[in-house]
1. Can you give me the ranges of the strands (runs of 3 or more DSSP E) entirely in the range 1-82 with at least 3 residues that are farther than 19 Å from Asp191 by Cβ, of a type outside the set (S, T, N, Q) and modelled with pLDDT of 95 or more?
2. When you check Leu111 against the structure, is it crowded, with 16+ Cβ neighbours inside 10 Å, aliphatic (A, V, I, L, M), part of a loop (DSSP other than H, G, I, E, B) and in contact (Cβ under 8 Å) with a residue 40 or more places away in the chain, yes or no?
3. Tell me the residue from Ser103, Ser109, Ser119, Ser152 that is more than 19 Å from the chain's Cα centre (by Cα) and among the hydroxyl-bearing types (Ser, Thr, Tyr), please.
4. Within the range 134-157, how many residues turn out to be assigned to a helix (DSSP H, G or I) and either modelled with pLDDT under 95 or in contact with a strand residue (DSSP E or B) (Cβ under 8 Å, 6 or more places away or on another chain) (or both)?
5. Residue pairs, Cβ under 7 Å, 6 or more apart or interchain, first in the range 1-25 and within 18 Å of Ser78 (Cβ to Cβ), second of a type in the set (Val, Ile, Thr). List them.
6. If you take the residues in the range 119-133 that are in a loop (DSSP other than H, G, I, E, B) and either within 25 Å of Lys42 (Cβ to Cβ) or charged (D, E, K, R) (or both), which one is most open to solvent (accessible area, probe 1.4 Å)?
7. Given the options Ser152, Ser103, name the one that is touching a residue at least 12 places away in the same chain (Cβ under 8 Å), open to solvent by less than 20 Å² (accessible area, probe 1.4 Å) and more than 23 Å from Ala43 (Cβ to Cβ).
8. Can you find even one residue in the range 55-64 that is touching a Leu at 6+ places or on another chain (Cβ under 8 Å) and within 22 Å of Arg197 (Cβ to Cβ)?
Amino acid sequence: MDLQVKELFARGVSRARLEATVAEVPVFPGSLDAIRAAHEAKASQVILSDANTVFIEAFLQKEGLRHCFSDVISNPASFDEEGRLHIKPFHDGEAHDCPLCPSNLCKGSVLQHLLGATSPARVAYVGDGGGDFCPACELRPQDLLLCRAPPSDPLKRFGLLRRLEGPAQATRHGGIAQVVAKVVKWHSGDDLLAAIRGFLR
């Protein structure tokens, strides 16, 4: 991504245009309602993403949702004085040893740390990509994994579902990856909203 945004800068794409574009990323309206519902229920919400902090913050600010999240955990990004965006890997320096995750971010290790630091009674984890499989394996029996699945336009394939249904894989702990949390498939924002409301009851 850092190389891609470098190329965009070389082609004259300004900071304002870049931020405005990523802020307009389409999202299911029901997904935004699910965030608001969780906030109204005083649930602690955290974003754990393999995107970057600038893109996520731009989207949250545009939607008026930044106050709903206690933290945004992603690849750190910032603009330099010339307006060029720089994106760094979340795990900077010594690489992690997780066979399930890309070198820049192991979401599983981050979630493991969050669970240890906050000791929540229950967790609802919403995911769709392959990078969500590792943290899904960190969830506990009382937790909920909301996994995007087709039909769910405009996308047709989802990495998390593929890995859940695929062959066994090893984890960074040395065992076989498995998800013990309850798994609920979602196809739309309305599905997410209903699942979150049910979870919060």
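1. Qualifying strands (runs of 3 or more DSSP E): 46-52, 71-75.
2. Against the criterion (crowded, with 16+ Cβ neighbours inside 10 Å, aliphatic (A, V, I, L, M), part of a loop (DSSP other than H, G, I, E, B) and in contact (Cβ under 8 Å) with a residue 40 or more places away in the chain), Leu111 does not qualify.
3. Of Ser103, Ser109, Ser119, Ser152, the one residue that is more than 19 Å from the chain's Cα centre (by Cα) and among the hydroxyl-bearing types (Ser, Thr, Tyr) is Ser119.
4. So the answer is 2.
5. Cβ pairs passing all conditions: Met1/Ile87; Asp2/Ile87; Val5/Ile87.
6. Arg122
7. Among Ser152, Ser103, only Ser152 is touching a residue at least 12 places away in the same chain (Cβ under 8 Å), open to solvent by less than 20 Å² (accessible area, probe 1.4 Å) and more than 23 Å from Ala43 (Cβ to Cβ).
8. Yes, some residue in the range 55-64 is touching a Leu at 6+ places or on another chain (Cβ under 8 Å) and within 22 Å of Arg197 (Cβ to Cβ).
The values are calculated or read from the model by the stated rules, or taken from the named source; none is laboratory data. Since the structure is predicted, the reported quantities are computational estimates derived from the model, not experimental observations. No Cβ is skipped: glycine too gets one built from the backbone with ideal geometry, and neighbour counts run over all protein chains shown. Remember, those area values only see protein heavy atoms, side chains included, never the ligands or the DNA or RNA. Shrake-Rupley method; radii C 1.70, N 1.55, O 1.52, S 1.80 Å.
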